[in-house]
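J.: Okay, handing you the structure first.
Values quoted throughout were computed directly from the atomic coordinates according to the rules given, and no laboratory measurement underlies them. These figures come from a predicted structure and were not determined experimentally. With ideal geometry, Cβ positions are generated from the backbone for all residues, glycine too; neighbour counts draw on all protein chains shown.
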Amino acid sequence: MARVTLESVNKHFGTSVAVEDFTLDIPHGSFLAVLGPSGCGKSTVLRLVAGFERVSSGQVLIDGNVVSGPSLHVPAEKRHVGIVFQSYALWPHMTVEGNVGYPLRVAKVRGEAYRSRVAAALDMVGLSGFDTRRPSELSGGQRQRVALARCLVMEPSLVLLDEPLANLDVHLRASMEDEFRAFHAKTGATMIYVTHDQAEAMALAERIAVMDKGRLVQVADPHTLYSEPATTMVAGFIGKGALADAEVLAPAEDGRCRARLFGMDVMLRCQANQPAGKARVCLRPEDVALASEGVPATVRRATYKGGVTEIEAVPESAPDVTLLLIISAAPMVGTAVKVRIDGGWVIPAP
Amino acid sequence: MAAPPATLGGASSLTASFLASWSSEKLVLALVVIFIGFLSIVPIGRLLVEAFFIGGVPSLNAFGEVFAQPATWRALRHTLETSIGGTLVAVVIGTLMALLVALTNVRGKLLLVFCLMLPMMIPPQVMALSWIGLTEPGGFFMRSTGIGTLFDTNPLYSVGGIILVLGVQSAPVVFLTLRAGLRAMPADLVEAAQASSAGRARVIRDVVLPLMTPALLSGASLAFIAAVGNFGIPALLGMPVRYNTLPVLIYRKLSGFGPTVLGEVAVLSVLLAVIAVVFIGLQAKLLSRRDFRATGTSATLLPYDLGRWRFPAECFGWLLIVVTLILPLSALLVNSLTPAYGIELTPGNLTLNHYRYVLFIDSVTRSAFTNSFFLAAGAATVLVLLAIVFGFFLVWRPHWLLRTLNSLADLPYALPGTVVSIACILVFIQPIPFTQISIYNTIWIIFAAYLVRFMTRAIRPIVNAYHAIDRALDEAGAMCGASLLERMRTIVLPLIAPTAFAAAMIVFLAAFNELTISILLWSAGTETVGVMVFNLKQAGDVLEASAMSCLTILLTVTLMAALSAFGRHLPSGVIPWRA
Ligand SMILES: Nc1ncnc2c1ncn2[C@@H]1O[C@H](COP(=O)(O)OP(=O)(O)OP(=O)(O)O)[C@@H](O)[C@H]1O
Ligand SMILES: [Mg+2]
């Protein structure tokens, strides 16, 4: 098991800043997903932890020992960190057995110990009997399993995964997700999993770190991230919903506050210290419903989603907002409806 | 679960291991940087100092003295007129053949291209010797066809002769550049012209050739640069009629007066370098423009069906090959088999004596073969190993210093070989610093000059190969705990091996066939094959020279064929004649 700590880490390439003031503590044995739009610096964070890049400032600690700092850099080969690459990174000139056994050969493990450990790793990923194949003779999913087995055989206490499913088709992803889950359960290793796919992150991780433009925006469990986004960026990036302007009428009480939204008085969820004043509100589909009384709106679009229908409704008082509702019987496009606001989250002021 | 390794145990062991590993990586890098930096900067820098400084003070007096001599101006004019003439011949041959091969449906293109490329790999002195054999009024071909009676002396010993042979030698460069351009040409432009019912000749004239102008100019400047730096052809063909180009003038001065004229020849080499640099700049500019425009290329052009003109076109192509390549080489072969000069070769008197002589009997020619072999094999080995390490850092640990070195390494190959030689003499005529050892007048100065000269031919393909390899393959090795050296051995080397092998062969071929550099650096006992062919010819032993030349051609063609067969496993661009 390993605990990873990043303290005010900055990384720039020339003049462009890839990671900025990144502070995060990842406890022993946890499964953290790093989520964010393309180019936000996810891979760079991972490569800093792996030791492939040096920090520009700040430091990275593994189990309390500084491994990257302003004047110190433990190279990747000394970190004993398992990595699963998006491109699999299998060596084409070695067999499956050669690939999986490589960490053992480097560590001078020989003979029976070598054979049994390679066999056990291949068995765990369901590839027993594939020893003599070449990577080129395997499917994408099998290749990623080999890469996983290579990681497994190292028995690392920390495993980094950089979009390991990005090159696989949808059907394979689900089974590989199970594979990763089993890997985590079995080894108890700390896992950091980079992805830009929120469904993947939600399905796998206990905690999700959301990044934007090189900065860490929010770290939380999937449920909190969805229901209490820290910024409008998180609100827009995670899950569906609408953002609207509101006026908080009174400071928060018991995590709720009274606010004026679309010209109506409503109760919204908020942070304990939410002051009165202007604020942005995140409205998830669960927060709104069609009713006989409520915000007048027009149905702009209806999409059948199998069993339910997703409709977009535009409030008359705020034509730039598109509310998303999920209902069982859809009204016609263009009909005037009333939307009841049942909840909503006041996004904290930055 | 096994215990985590000791490296994660405590801060102190981490620090210690970091120092050990990082410093070994840095040490390797530092050595390579210093070595490549030395090879690419020091000789050329030393040459510039020699030409532009007198007694440590910047001065152009040396230029004044050299330009006061009429011989300098004559050589300059000769260099320019033969190079321009040779370039024109090369452009005509190269363009015709490129159009034929790239745009039409002639048959046997593979063999045609191989033959077209051959002059590029045949050393210039051998090319010149073959042509001399063909056009010698008393020689086999001139006599048997009766043309010989028209001439008193060999017509090739003239400006026209130099231009012709230079043109033949440089035609492949034009051909290659143009064919690459034609391949990258957007097909829809031609199809649009065809759709407006333009005839074939019109399409070529109005669309293809205008579009190909940058490629053509770029190929022409490459041919020009090569011609400016050529020594073997103007030396063998011009010296008998006292017609000197700059490289020949430098050779005559140095071989006549020795190191006392070093200052003077340094100025002459700088002059030679300036001509080359101007055209390299021009060529780079044209090339960048073509690259820019070729982006977003559509499908390759369908070859024109020549219909009933196909056979005449094929005849024309092969006739060109026969005249420019097969006939001269046959003349060389005939000479090498003729028992004695002036005797007509018949099936009865054919002899292998000259081969036996140069290979086994004469100790000087024999040692020239071993010298060239070890020089070429040594340079190939050292440079490829260097390039493997350098490429690793350049591509996977980018740094401005490495990128600068990478560009600088091109310079000694782009400049004429004569310039490199003079630069090396200037550096090595003194003892190596802190030692009493001087490598001047030993075989090691030739070796050093080869390292300088051919460095980029090893670096270029290997760096390209690194770019084609996923960096994660090395990172995965690091993740497994393998040190840099271990990764080099078990991961990087196997992946880079095919390209490294090809690069080594190409450096070997270039060095083995080389004359321009060794002719200025050789001393008794350190003759190379090139020097030997040249000296034998100058001493009138044409038949022995021909036998030696045939042997080098045999080796060249064998290695080229082997590489071509192996070429399937190589990334494109590694083998020069396959472009
Ligand atoms: N070696 C490098 N040199 C220069 N810039 C780099 C380098 N590596 C990354 N960057 C830049 O740093 C920023 C972050 O890159 P990074 O690869 O970490 O993004 P990412 O979040 O992983 O994106 P993606 O989802 O597309 O993989 C980008 O702007 C990228 O261009
Ligand atoms: Mg990435």
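J.: Output ³J(HN,Hα) for the stretch A:30-46: one whole-Hz value per residue in order, computed from phi by the Karplus curve 6.51 cos²θ - 1.76 cosθ + 1.60 with θ = phi - 60°, and x for Gly and Pro.
T.: Values per residue, Gly and Pro as x: 8, 10, 10, 9, 10, 10, x, x, 4, x, 7, x, 4, 4, 5, 4, 5 Hz.
J.: Taking only the C-alpha atoms, wrap a convex hull around the stretch B:310-430 and report its volume per residue in Å³ as a whole number.
T.: Expressed per residue, the convex hull around the Cα atoms of the stretch B:310-430 is 246 Å³.
J.: Still on this structure, please answer the following. Under 19 Å from a point 7 Å along the Cα-to-Cβ line of A:Ser16: which residues of the stretch A:196-239 have their amide N that close?
T.: A:196, A:211-216, by backbone N distance to the label point.
J.: Could you give the semi-axes, largest first, of the ellipsoid that matches the stretch B:104-147, computed as the square roots of 5 times the alpha carbon gyration tensor eigenvalues and rounded to whole Å?
T.: For the stretch B:104-147, the semi-axes come out at 28, 16, 6 Å.
J.: Could you pull out which residues in the stretch A:71-94 have an amide N less than 17 Å from a spot 7 Å beyond the Cα of A:Arg105, following the Cα-Cβ vector?
T.: Correct set: A:89-94.
J.: Tell me which residues come under 5 Å, amide H to amide H, from A:Val288 once H is placed; ignore anything under 5 positions away on its chain.
T.: The answer is A:Asp342.
J.: Now for a different question. Could you give each residue of the stretch B:385-395 its phi-based ³J(HN,Hα) in whole Hz, using Karplus coefficients 6.51, -1.76, 1.60 with θ = phi - 60°, and x for Gly or Pro?
T.: Listing the rounded values in order: 4, 4, 5, 5, 5, 4, x, 3, 6, 4, 8 Hz.
J.: Out of residues 5 or more away from A:Ala2 or on other chains, whose amide H comes under 5 Å of its own, with H placed 1.01 Å from N in the peptide plane?
T.: A:Gly29, A:Thr190
J.: Treating the Cα atoms of the stretch A:240-347 as identical point scatterers in vacuum, please give the log10 of the normalised Debye intensity I(q)/I(0) at q = 0.19 Å⁻¹, two decimals.
T.: These q points yield log10 I(q)/I(0) values of -0.88.
J.: Which of rounded, prolate or oblate describes chain B when judged by the alpha-carbon gyration tensor and an a/c cut-off of 1.5?
T.: Oblate, since a/c reaches 1.5 and b/c is not below a/b.
J.: If you restrict to DSSP beta bridges whose two residues both lie in the protein assembly as shown, what percentage is antiparallel, to the nearest 5?
T.: Taking every DSSP beta bridge within the protein assembly as shown, about 75 percent pair in antiparallel fashion.
J.: By count of other Cβ within 10 Å, fewest leading, how are A:Lys213, B:Lys253 ordered?
T.: The most exposed by this proxy come first: A:Lys213, B:Lys253.
J.: How large is the charge dipole for the protein assembly as shown, taken about the Cα centre, if only the Cβ atoms of Lys, Arg (+1) and Asp, Glu (-1) carry charge, to the nearest 20 debye?
T.: 1560 debye
J.: What dipole magnitude, in Debye to the nearest 20, does chain A give about its Cα centre under +1 on Lys/Arg Cβ and -1 on Asp/Glu Cβ?
T.: 860 debye
J.: Here's another thing I want to ask about it. Which of the listed residues, A:Ile83, A:Leu104, A:Ala182, is farthest toward the dipole's positive end in the stretch A:4-227, when Lys, Arg count +1 and Asp, Glu count -1 at the beta-carbon?
T.: A:Leu104
J.: Then there is this: Do any trypsin sites (Lys or Arg not before Pro) in the stretch B:200-249 lie in a DSSP loop with no more than 15 other beta carbon atoms within 10 Å, and if so, which?
T.: Counting only loop positions with at most 15 other Cβ atoms within 10 Å, the trypsin sites (Lys or Arg not before Pro) in the stretch B:200-249 are B:Arg242.
J.: Report, as an integer, the average count of C-beta atoms from other chains found within 10 Å of each Cβ along A:77-90.
T.: Mean shielding by partner chains, rounded to a whole number: 6.
J.: Still on this structure, I have one more. May I ask for the equivalent-ellipsoid semi-axes of the protein assembly as shown, computed as the square root of five times each C-alpha gyration tensor eigenvalue and listed largest first in whole Å?
T.: Ellipsoid semi-axes (Å, largest first): 69, 34, 27.
J.: Just to verify a number: FRET efficiency for A:Ala182 and A:Lys338, C-beta to C-beta distance, R0 = 30 Å, to 0.05?
T.: The calculated FRET efficiency here is 0.05.
J.: Given axes a ≥ b ≥ c from the Cα gyration tensor, I'd like to know whether the stretch B:489-579 is rounded (a/c under 1.5), prolate (a/b larger than b/c) or oblate.
T.: Note, shape of the stretch B:489-579 comes out prolate.
J.: Listing B:Leu176, B:Leu473 from the residue with the fewest other Cβ atoms within 10 Å to the one with the most, what is the order?
T.: B:Leu473, B:Leu176
J.: I would also like to ask the following. Which whole-angstrom value gives the distance between the alpha carbon centres of the stretch A:1-39 and the stretch A:130-145?
T.: 31 Å
J.: What number, in nm² with one decimal, is the all-direction average of the projected area of the convex hull of the alpha-carbon atoms of the stretch A:4-227?
T.: 12.5 nm²
J.: Just to check I understand the Karplus step: with θ = phi - 60° and J = 6.51 cos²θ - 1.76 cosθ + 1.60, what whole-Hz values come out for the stretch B:399-404, glycine and proline as x?
T.: 7, 4, 5, 5, 5, 5
J.: Just the Cα atoms of the stretch B:521-572: what Rg and Dmax do they give in Å?
T.: When restricted to Cα atoms, the stretch B:521-572 yields Rg and Dmax of 15.4, 45 Å.
J.: On to the next question. With r as the distance between the Cβ atoms of B:Arg308 and B:Ala195 and R0 = 35 Å, compute the FRET efficiency 1/(1 + (r/R0)^6) and round to 0.05.
T.: 0.90
J.: Can you tell me how much longer the chain between B:Ala30 and B:Phe566 gets when fully stretched, taken as 0.36 nm per residue apart minus their C-alpha distance, in nm with one decimal?
T.: 189.5 nm
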